1. Would you be able to say whether some residue in segment A:230-238 is on the phi < 0 side of the Ramachandran plot and open to solvent by 30 Å² or more (accessible area, probe 1.4 Å)?
2. On the basis of being among the aromatic types (Phe, Trp, Tyr) and touching a residue at least 60 places away in the same chain (Cβ under 8 Å), does A:PHE284 make the cut?
3. So which of A:GLY167, A:GLY200, A:GLY174, A:GLY226 is closer than 23 Å to A:LEU15 by Cα and either in contact with a strand residue (DSSP E or B) (Cβ under 9 Å, 6 or more places away or on another chain) or not in a helix (DSSP H, G or I) (or both)?
4. I'd like to know if segment A:264-285 contains one or more residues that are open to solvent by 90 Å² or more (accessible area, probe 1.4 Å) and among the hydroxyl-bearing types (Ser, Thr, Tyr).
5. Going by what's in this entry, would B:PHE143 be described as within 9 Å of another protein chain (Cβ to nearest Cβ), outside any helix (DSSP H, G or I), within 19 Å of the chain's Cα centre (by Cα) and at negative phi?
6. Do we find that B:SER254 is open to solvent by 20 Å² or more (accessible area, probe 1.4 Å) and either over 28 Å from B:MET1 (Cα atoms) or in contact with a Pro (Cβ under 8 Å, 6 or more places away or on another chain) (or both) in this structure?
7. Taking segment B:112-123 as the region of interest, how many residues are open to solvent by 10 Å² or more (accessible area, probe 1.4 Å) and either closer than 15 Å to B:GLU161 by Cβ or within 8 Å of chain A (Cβ to nearest Cβ) (or both)?
8. I'm checking my understanding of the structure. Among residues of segment A:200-218 that are in contact (Cβ under 8 Å) with a residue 60 or more places away in the chain and over 15 Å from the mean Cα position of the chain (by Cα), which one is most open to solvent (accessible area, probe 1.4 Å)?
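The values are calculated or read from the model by the stated rules, or taken from the named source; none is laboratory data. These numbers were taken from a predicted model, which means no experiment stands behind them. Backbone-built Cβ (ideal geometry, glycine too); neighbour counts: all protein chains shown. Calculation scope for accessible area: heavy atoms of the full protein, side chains included, ligands and nucleic acids excluded. Shrake-Rupley method; radii C 1.70, N 1.55, O 1.52, S 1.80 Å.
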Amino acid sequence: MAEGMTWSVLDGDKLTQAEIYGKVLTQLGEKNDKIIAMTADLAKSTKIGAFGDKFPERFINMGIAENSLFGVAAGLAMVGYTPVVSTFAVFAALRSAEQVRTDICYQNLDVKIIATHAGISFGQAGSTHHCTEDIAVMRSFANMTVIVPADGIETGNAVVAAMDHAGPVYIRIGRGFEPPVNTTKDYGFQIGKAVTMKDGKDVTVITCGVCVGQAMRAAKVLESQGLSVRVINMHTVKPIDREVILKAVVETRRIITVEEHNVMGGLGSAVGEVIVEGGKACAFKKLGVPDAFAIVGYPEDLYNYYKFDADGIIEAVGALMKKEIEEDENWDDET
Amino acid sequence: MPLTADEVKLLQQKAKDVRKSIVDITFTAGGGHIGGSLSQTDILVALYYKYMNIDPKNPKKEDRDRMILSKGHGGLGWAAVLGEKGYFDKALLKNFNKTGSPFGMHLDSLKVPGCDASTGSLGHGLAIAVGMAIGAKKQGKNFRTYCVMGDGECCEGSVWEAAIIGAFHKLDNLTAFVDRNNLMIDGRTEDITMLESLDEKFKAFGWEVLHVDGHDMQKLGGAIEQAQTIKNKPTMIICDTVKGKCVDFMEDESKWHYGGLDSDMRDKAFACIDTYYDKVGG
């Protein structure tokens, strides 16, 4: 286990994802003097200010200047620092997309981005502050690694792993407190390696971020109804774990993806690409925000409204189970 | 210290060689950003042949001075300088723009020795330079960061973000230049938008501003040296230049932002350069 997580896992129940990354980063900063934390007037909102409180000489608040936030990060990386940049996802992935792509990814620089308030986690703030496009944008940048942690514990693991990983990493978290789905930090988090939260043979739910918890709640209900549900936490959307997807296609033949993101371009699209390239047909459904700007509301209400909370997953699984996959069970005749 | 007559002569000679190389690359590549490459030449030659602490045989030397060519379309002219300076075999420049070549119109830091940052999308370079200069200060390193910008790219808001941040961090280890040739692709800068007064704008943002003839080696050298003495703020050297400098049929013509040359035009361009340096020395 890499250094960085020394507090009790129980703290994961009491801290937001952002508070946890702030703590982890600060602990990492003790031993790694190359870390330099940066933000654009969101030190408090993103919690990266915790690092600045401890290491003011290695903290840069740029003011409200996101383009230059990533440009300056690139310059710092070029002279030997490992900048960790935190701002809202909508600014990192959309306003600064070109700086992230050209200044950082193109030159494969060691810059870590922790984007908060992603998806519709800041639902009350309205569409200008929603970000249901960032996974699509970031995963299309060559060299970029995209991680969507399921809870605070996984956020801590992701930050530690990102520091051990050469090159740019985008870690996407929400705004507030996400109920933990992990009970220990020692479950073998590895970039690019999905976590099978529970096994099952009738249907596979592939999900990430806050939706992992929703999927686990849905699976519990579905199991009580007699279905065997596999739940995969695809915390790394890029590089995606192809092996676990193709195994699920063969073994369950029904796959549902669930994400807090536009259904176009995100996790669902990434999983769909793997399935299609795998050449074996399966029933497939993507849940998430439809191709629309989300309405205003509390996140939990919006997850329900767009039917990707536990209730929505249960409903979608029910519909998918009614689909005929094919008449025989012989995979050998498939191409 | 003013440059000696011999130093000026040497720099003029190098500028002449670089300008001929620019013409040659443009000819063999089938086209290139020749106008802006010719306007920036004297700035780069002064830096690379007199002021920058660099070692072309050791392009990644840790405490080397850094160069960010924010006006990335000047990559052709920058490549000519790097080639003349010996960062790589000049013969490689015959492949400029060719499929699989390390040299595209905008230089790539991963492929071209001496290129400290890949640029080309305008308005990015000053922020990168600011990051390098902040990093140098925080690490207690003595290297200086140079950033050469186009005037047209000063329309970009990101330039002014970086200007605010550079002044806030008191980056007296950062010297930037505006290659003020007054032309952008679509015409004269002041006909398209309003950049003036660039001097007052950068001054208002907290920079030391020097303004020189960007084709006068003695004045360029003086400004670069003066910038090294300024404390607690970055310096912007606004250089009055001529797009297409030294090639009479290109001078001050926006159509020569990007262009190709046939062999007759190449020969005429060489003759213009010879004539110019016969007059000014070099």
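1. Let us first name the residues in segment A:230-238 that are on the phi < 0 side of the Ramachandran plot, namely A:230-238.
Those left that are additionally open to solvent by 30 Å² or more (accessible area, probe 1.4 Å): A:238.
Yes: segment A:230-238 contains one or more residues that are on the phi < 0 side of the Ramachandran plot and open to solvent by 30 Å² or more (accessible area, probe 1.4 Å).
2. Working: among the aromatic types (Phe, Trp, Tyr): yes; touching a residue at least 60 places away in the same chain (Cβ under 8 Å): no.
Here the answer is no, as A:PHE284 does not meet what is asked.
3. Numbers: A:GLY167 fails: closer than 23 Å to A:LEU15 by Cα; A:GLY200 fails: closer than 23 Å to A:LEU15 by Cα; A:GLY226 fails: closer than 23 Å to A:LEU15 by Cα.
Just a single option satisfies the conditions, and that option is A:GLY174.
4. Step one: filter segment A:264-285 for residues open to solvent by 90 Å² or more (accessible area, probe 1.4 Å), giving A:264, A:276-277, A:285.
Narrowing further to those that are among the hydroxyl-bearing types (Ser, Thr, Tyr): none.
No, segment A:264-285 contains no residue that is open to solvent by 90 Å² or more (accessible area, probe 1.4 Å) and among the hydroxyl-bearing types (Ser, Thr, Tyr).
5. Details: within 9 Å of another protein chain (Cβ to nearest Cβ): yes; outside any helix (DSSP H, G or I): yes; within 19 Å of the chain's Cα centre (by Cα): yes; at negative phi: yes.
Answer is yes for this residue.
6. Values: open to solvent by 20 Å² or more (accessible area, probe 1.4 Å): yes; either over 28 Å from B:MET1 (Cα atoms) or in contact with a Pro (Cβ under 8 Å, 6 or more places away or on another chain) (or both): yes.
So B:SER254 fits the description; yes.
7. 4
8. Just the residues of segment A:200-218 that are in contact (Cβ under 8 Å) with a residue 60 or more places away in the chain, to begin with: A:202-203, A:205-215, A:217-218.
If we keep only those that are over 15 Å from the mean Cα position of the chain (by Cα) too, we end up with A:202-203, A:205, A:217-218.
Working: A:ASP202: 38, A:VAL203: 0, A:VAL205: 2, A:ARG217: 112, A:ALA218: 1 Å².
Checked segment A:200-218; the qualifying residue most open to solvent (accessible area, probe 1.4 Å) is A:ARG217.
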